[in-house]
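Contents: one structure, followed by commentary.
The values are calculated or read from the model by the stated rules, or taken from the named source; none is laboratory data. All values reported here derive from a predicted model rather than from experimental measurement. Positions of Cβ are backbone-derived with ideal geometry, glycine not excepted, and every protein chain shown enters the neighbour counts. We work out accessible area using only protein heavy atoms, side chains counted, and drop any ligands, DNA or RNA first. Shrake-Rupley method; radii C 1.70, N 1.55, O 1.52, S 1.80 Å.
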Amino acid sequence: MKKSISLIVLLLVLEGTALAQLMNAKSRAGSITAHKGDTITIKDDHRELVITLTEETHVIMGSDFKTAGDLQIGDRVKAVYREKGNQKTALVITILSKK
């Protein structure tokens, strides 16, 4: 039962992610190179990106919800974020693989 509820919630989050992309959200995949306070730094092949995590940020690994505390340096992630000025705020962080 709990797993079914988690799956339903995950599907709703993923639909929200698709909606967010339609609302000018961006995405970036890479490895976490820093995790300090409420920010993470993600580095891909070209550059580093500092993203702020909020209480509304969803962290997902497979079909499980995680917390920002589960993010570790070296993890490979995909971030969906919104950019407002110089501020980049994470909507969803998907953990693709652990270090």
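Scan the range 39-53 for residues that are assigned to a loop (DSSP other than H, G, I, E, B) and at pLDDT 95 or above and jot them down.
Of everything in the range 39-53, just one residue is assigned to a loop (DSSP other than H, G, I, E, B) and at pLDDT 95 or above, namely L53.
Give the residues of the range 62-84 that are outside any strand (DSSP E or B) and closer than 22 Å to E48 by Cβ, sorted by residue number.
A68, G69, D70, L71, Q72, I73, G74, D75
Scan the range 51-87 for residues that are under 15 Å from A25 (Cα atoms) and either in contact (Cβ under 8 Å) with a residue 40 or more places away in the chain or of a type in the set (A, V, I, L, M, F, W, C) (or both) and jot them down.
Hits for the range 51-87 are I51, L53, H58, K78, A79, V80, Y81, R82, E83.
Give me a count of the residues in the range 62-99 that are hydrophobic (A, V, I, L, M, F, W, C), under 13 Å from the mean Cα position of the chain (by Cα) and open to solvent by 60 Å² or more (accessible area, probe 1.4 Å).
2
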